[in-house]
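Comments concern the structure below.
The values are calculated or read from the model by the stated rules, or taken from the named source; none is laboratory data. Owing to the predicted nature of the structure, the values given are computational and were not obtained by experimental measurement. Virtual Cβ from ideal backbone geometry, glycine too; neighbours counted across all protein chains shown.
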Amino acid sequence: MQFLSDNAAAVHPAVWTAMQAADEADAPYDHDSLSRTLDAAFADLFGRDCAALWVASGTAANCLALATLVEPHGGVLCHEEAHIEMDEGGAPGFFLHGAKLMPLPGARGKITPEAIAARRAQVREGVHQVHPHAISITQASEVGCVYRPEEVAAIASAAQAGPGRRLGLHMDGARFANAVAFLGGAPGACLAGVDALSFGFIKNGAMSAEAIVLFDPAAADLARFRRKRAGHLQSKGRFLAAQILAMLKGDLWLANARAANAAAAELGAAAKDRLLHPVEANEVFIACTHDERQALRGAGFAFYDWGDGAARMVTAWDARAQHVAALARALAAL
């Protein structure tokens, strides 16, 4: 019974169908009929003009998006547990040609305007220190907590208010769908002031496609060159576009996220006295001893240890109701 990661989930049948339908000759790279519709599809979704580029991984989406905002001598303010800091194997430094990550603390995996201002105040004028060029926030955070729209707006204001240059704002939206499902309302409501969004689809039912959404046409032009140079301009890009469009059609991306969130909420309710963080998306973090974790694994549940005394359980769009119910009973019985 699989609760390791939503990366382990199946590909949604609608995505397979869309990829089969795309299996006809068309223009290569991103000149095909499907890729050319992405800008309009995301503009309709967010209610504002934007450009959308497909890539094959979340790491590429994050790093190529940040590369449009940060010069090699600059830095990126991010949470100390951010995926770009902890789990991307140095890819940000590689794609950004040496730009530095500048981690910040923050409860529930989130950074605050106050932490941003304090870090910027530590940087001296001149060329001897790295100056931040951008901020990156993760939605939902690495511990499954969601930035409210007013929190995003406050960070966007902090990006403009500090000393020196205006900072770009990037959102790592690997679980953006789960955050929107939790918040309700229009998807664009929590993007005030965001310059670049890495919109995750792979964890939510796609096979091999993520989207970089850029709200500055000039940045989009830069990202296209960087995508090619980085080896991420696939010749048969229509198959990536097909996946994304299938997920957007009829708000499948949102329905899938709601299903994953509901499964996580069921687990969270069963383990409410052990929760380390509120359950706001599709990740559940609980206090759990070594022996308790071994007992759960012995009962057939797969999940990750999270330090010495905790466990992380992740639900996906295709979580089986009987598996979720069984784990909920097991957690309640610990």
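Residues that are assigned to a strand (DSSP E or B) and either assigned by TED's automatic domain parsing to the domain that holds Gln139 or more than 21 Å from the chain's Cα centre (by Cα) (or both) within the range 272-310 comprise Leu275, Ile286, Ala287, Ala302, Asp305, Ala310, listed in sequence order. Considering only residues in the range 250-305 that are in contact with a Gly (Cβ under 9 Å, 6 or more places away or on another chain) and of a type in the set (S, T, N, Q), the one that is farthest from Phe42 (Cα to Cα) turns out to be Thr289. Listed conditions (1) more than 17 Å from His277 (Cβ to Cβ); (2) surrounded by 13 or more Cβ atoms within 10 Å (Cβ to Cβ) are all met by Ser141, apart from (1).
Do the conditions hold for Gly168, that is, is it more than 22 Å from Trp317 (Cβ to Cβ) and surrounded by fewer than 16 Cβ atoms within 10 Å (Cβ to Cβ)? No, not satisfied. Checking the structure you have, find out if any residue of the range 281-292 is free of Cβ contacts under 8 Å to residues at least 24 places away in the same chain and of a type in the set (A, V, I, L, M). Yes, the range 281-292 contains at least one residue that is free of Cβ contacts under 8 Å to residues at least 24 places away in the same chain and of a type in the set (A, V, I, L, M). For the range 208-223, the criterion of being over 18 Å from Thr138 (Cα atoms), of a type in the set (Gly, Ala, Ser) and under 15 Å from the mean Cα position of the chain (by Cα) is satisfied by at least one residue. Within the range 1-44, the set of residues being in the same structural domain as Phe201 (by TED's automatic domain parsing) and among the aromatic types (Phe, Trp, Tyr) comprises Trp16, Tyr29, Phe42.
Which ones in the range 105-121 are in contact with a Pro (Cβ under 9 Å, 6 or more places away or on another chain), farther than 18 Å from His170 by Cα and either modelled with pLDDT under 95 or not assigned by TED's automatic domain parsing to the domain that holds Ile155 (or both)? Result: Ala121, single match.
Would you confirm, using the coordinates I've provided, whether Val180 is of a type in the set (Val, Ile, Thr) and surrounded by fewer than 13 Cβ atoms within 10 Å (Cβ to Cβ)? It is false that Val180 is of a type in the set (Val, Ile, Thr) and surrounded by fewer than 13 Cβ atoms within 10 Å (Cβ to Cβ).
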